[in-house]
Every structure is written in C-alpha cells, then in structure tokens.
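Engineer: Have a look at this one before I ask anything.
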Amino acid sequence: MNISKIIEPQLQKTKRIIIEEAKDHSIVLFHWKAGQRVPMHAHSGTCIFKVLSGEINETRIANNKIHFNTLLPGFEGSIGDGQCHTMIPVKNSISMHYYSPVPKKLCPSMEHIKLEISTTITKRMLPKN
C-alpha cells in the first residue's frame, strides 16, 4: 500500500492505521482530522502515545479530577486503568500509539486501515522491559 494514499492533506475523517498487531499488543498510527472528536473513552490495559505532528486538545479524567492538556509534536504520554479521555485535534495531526492488550472495540467514526510493514521498524517503539 502506498503511504501517500494514507497520509493526505485533505482528510475526510480520522484514519486509524494499524502498523503492527500481535496477540498481546498493537501499534497504530492516527491521522487526525481537525475538529473530529473522539468520544470520551477508557483503555483496558496500557496505551502509550506520541504526537508526531499537529496539535491535539485532550480532556482527561483521573483521580476524580478533570485535566485539560494541549498535546504538541514530541509530546509523549500514556493512559491506563482508572482514567478516561477524549481527544480533539485542533488541526490535522499525526500520533503513534502502542496498546497492550489489543483494543477490542473500534471507534465507528474513523476509517480503519491495516498496513503491512516490517516489524523491525516498529520494534524500536516497544517498551523496554
């Protein structure tokens, strides 16, 4: 698959691009459409992410408190059990996410794409034990 067909300047809706999926984890690239909200949600297990480009506003609920964050390129974060959040891109943005376990429920407002690439590229993103 040609990556230029996935990362495009005029998005119709947010794209969720699965780069790697195994039994215990997945690595996903999001190409966010500006203004397209992801509903408030929680993650079962671990979600580690990094913003690669753009600007994303995050509203997070943790420890019964609401936090508002502006996520800019280079921002690295995580969300786990007991927390929930929503993300709203201010402009078209790209972020990379590592999930463990693999999410079972997918957001219906996104386009879901599975991309086959070498796992040597994605192994650099995996948490070091």
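The values are calculated or read from the model by the stated rules, or taken from the named source; none is laboratory data. Computed from a predicted model, the values in this text were never measured in an experiment. As a convention, Cβ positions derive from the backbone with ideal geometry for all residues, glycine included, and neighbour counts pool all protein chains shown.
Engineer: Do the conditions hold for PRO103, that is, is it assigned to a loop (DSSP other than H, G, I, E, B), crowded, with 16+ Cβ neighbours inside 10 Å and either modelled with pLDDT under 90 or within 15 Å of the chain's Cα centre (by Cα) (or both)?
Structural biologist: Criteria met by PRO103.
Engineer: Can you give me the ranges of the strands (runs of 3 or more DSSP E) entirely in segment 11-83 with at least 1 residues that are polar (S, T, N, Q)?
Structural biologist: Filter on segment 11-83 gives 26-32, 46-62, 65-71, 76-79.
Residue-by-condition table, conditions (1) of a type in the set (S, T, N, Q); (2) within 16 Å of ILE94 (Cβ to Cβ); (3) modelled with pLDDT under 90:
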| position | (1), (2), (3) |
| --- | --- |
| ILE18 | no, yes, yes |
| LEU29 | no, yes, no |
| SER53 | yes, yes, no |
| ARG60 | no, no, no |
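Engineer: Quick check on VAL51: is it within 12 Å of TRP32 (Cβ to Cβ) and in contact with a Ser or Thr (Cβ under 6 Å, 6 or more places away or on another chain)?
Structural biologist: Against the criterion (within 12 Å of TRP32 (Cβ to Cβ) and in contact with a Ser or Thr (Cβ under 6 Å, 6 or more places away or on another chain)), VAL51 qualifies.
Engineer: ILE7 fails exactly one of the following numbered conditions: (1) modelled with pLDDT of 90 or more; (2) in a loop (DSSP other than H, G, I, E, B); (3) surrounded by 14 or more Cβ atoms within 10 Å (Cβ to Cβ). What is the number of that condition?
Structural biologist: Every condition holds for ILE7 apart from (1).
Engineer: Could I ask something else about it? Only one of MET87, MET1 is modelled with pLDDT under 90, more than 16 Å from LYS104 (Cα to Cα) and not acidic (Asp, Glu). Can you tell me which?
Structural biologist: Just a single option satisfies the conditions, and that option is MET1.
Engineer: Moving on to the next point. Looking at segment 27-57 only, could you name the residues that are within 15 Å of LYS13 (Cβ to Cβ) and either touching a helix residue (DSSP H, G or I) at 6+ places or on another chain (Cβ under 7 Å) or small (Gly, Ala, Ser) (or both)?
Structural biologist: Answer for segment 27-57, where residues must be within 15 Å of LYS13 (Cβ to Cβ) and either touching a helix residue (DSSP H, G or I) at 6+ places or on another chain (Cβ under 7 Å) or small (Gly, Ala, Ser) (or both): ALA34, GLY35.
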